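One structure is given here, and the rest of the page talks about it.
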Amino acid sequence: MIVIPGPSSLGLGWRIAESLGVEPQAVEHRVFSDGESYIRLTKPVTGEKVVIVQTTAPNPDSKLMQLLLMARTAKDFGAKDIVAVVPYLAYARQDRRFLEMEALSLDVIFKMLEASGVTDLVVVNIHNEASIRAIEANHKVKVHNLSAVPLLAEYLKKNGFDRAYSISPDKGAIYIVKAASDVLGDGYNFFEKTRDRKTGEITMVAKNLNISGRRAVVFDDMISSGGTMAKAIEALKLQGADRVAAACTHVLYMPGAEEKIRTAGADPILSTDTIESPFSKVSVAGLIANKLREIS
Ligand code: R5P
């Protein structure tokens, strides 16, 4: 197996290779002044299973393009299988046409991966498992969707949140809080969130949770602008929660997001290294390495 840490996941790619006990293979990479990417593989890949680790944020379009260039080059030079490890898969939220004539972005991404020779796609807490499974059913790429939630919950349990209550900001993330409460142990619930499809404005209905004086964790798959997380934290603080943590798998680290969430009262903000940020306290390297052993 050849592990290639792509330009956007150098740290995680090296940690995965280390967990697998293999030497990571560097990729030569440059970005030209007009924004185009140059990619060159540095070792022969003929007949090999090639694992490319490349997350797709920040700058999703260029990170995706680099991924496609690496995968297609591995295919052109005779790789047997190509496993794309894309811990954060951009465009996964546009997994259906919410308004008439919208692009079905996730399907387009999937088609491009398939055309580039990708045989397996490893993702972590993809936005909606059902959508990716529906798309997978019409293609040859096999999807492996891993969950970092037990790792996040274990970290919180050891760092002051044992027996904390788990809350998700919307019903879609309920599977996340169920898994978290298996570790933290004090039950779970969800708020009701709706987003205006044209303006992006969020409305949240926070039910009364009898949370006064208790510790709580808001779990979500991702933090982007921070609006969703901030609203959920605020609601818990208003209901008298003692200490509230904000935990998610992917932090996109948009300008202003941290301030919004801290102002709402979150302490700490916790994330994984699917996208490196100052909040990446939990690594998904071991989780991904285990999956790669299984599919090799
Ligand atoms: C959406 O349903 C997701 O699960 C997240 O709640 C959302 O993408 C977070 O975005 P933001 O931080 O911009 O509110």
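Using the structure shown, decide if THR263 is outside any loop (DSSP other than H, G, I, E, B) and either of a type in the set (Asp, Glu) or crowded, with 22+ Cβ neighbours inside 10 Å (or both). Spelling it out, it is not the case that THR263 is outside any loop (DSSP other than H, G, I, E, B) and either of a type in the set (Asp, Glu) or crowded, with 22+ Cβ neighbours inside 10 Å (or both). Select from segment 1-24 the residues that are open to solvent by less than 10 Å² (accessible area, probe 1.4 Å) and either of a type in the set (Ser, Thr, Tyr) or closer than 25 Å to ASP61 by Cα (or both) and list them in ascending order. The answer is VAL3, ILE4, PRO5, GLY6, SER9, LEU12, GLY13, ILE16. Inspection of segment 270-279 finds no residue satisfying the criterion of being open to solvent by less than 20 Å² (accessible area, probe 1.4 Å) and more than 18 Å from the chain's Cα centre (by Cα).
Please go through segment 127-152 and give me each residue that is open to solvent by 10 Å² or more (accessible area, probe 1.4 Å) and in a loop (DSSP other than H, G, I, E, B), ordered by number.
Hits for segment 127-152 are HIS127, ASN128, ALA137, ASN138, HIS139, LYS140, SER147.
All told, PHE110 falls short of being of a type in the set (Phe, Trp, Tyr), modelled with pLDDT under 95 and either open to solvent by 50 Å² or more (accessible area, probe 1.4 Å) or not in a loop (DSSP other than H, G, I, E, B) (or both).
Residues satisfying the criterion are absent from segment 86-96 (criterion: in contact (Cβ under 8 Å) with a residue 40 or more places away in the chain and open to solvent by 50 Å² or more (accessible area, probe 1.4 Å)). All conditions in (1) under 26 Å from LEU270 (Cβ atoms); (2) under 19 Å from the mean Cα position of the chain (by Cα); (3) basic (Lys, Arg) hold for ARG163, with the sole exception of (2). Contact map, segment 263-274: first residue more than 13 Å from PRO87 (Cα to Cα), second residue assigned to a strand (DSSP E or B) and of a type in the set (Gly, Ala, Ser), Cβ cut-off under 6 Å, separation 6 or more or different chains; pairs are ALA266/ALA246; PRO268/ALA245; ILE269/ALA246; LEU270/ALA247.
Reported count of residues in segment 25-59, each being open to solvent by 50 Å² or more (accessible area, probe 1.4 Å) and closer than 23 Å to HIS144 by Cβ, is 1. Checking each residue in segment 185-208 for being in contact with a strand residue (DSSP E or B) (Cβ under 6 Å, 6 or more places away or on another chain) and of a type in the set (A, V, I, L, M, F, W, C) picks out PHE190, PHE191, ILE202, MET204, VAL205.
The values are calculated or read from the model by the stated rules, or taken from the named source; none is laboratory data. As the structure is a prediction and not an experimental result, all values here were calculated from the model. Glycine gets a Cβ as well: all are built from the backbone with ideal geometry, and neighbour counts include every protein chain shown. These area figures cover heavy atoms from the full protein model, side chains too; ligands, DNA and RNA do not enter into them. Shrake-Rupley method; radii C 1.70, N 1.55, O 1.52, S 1.80 Å.
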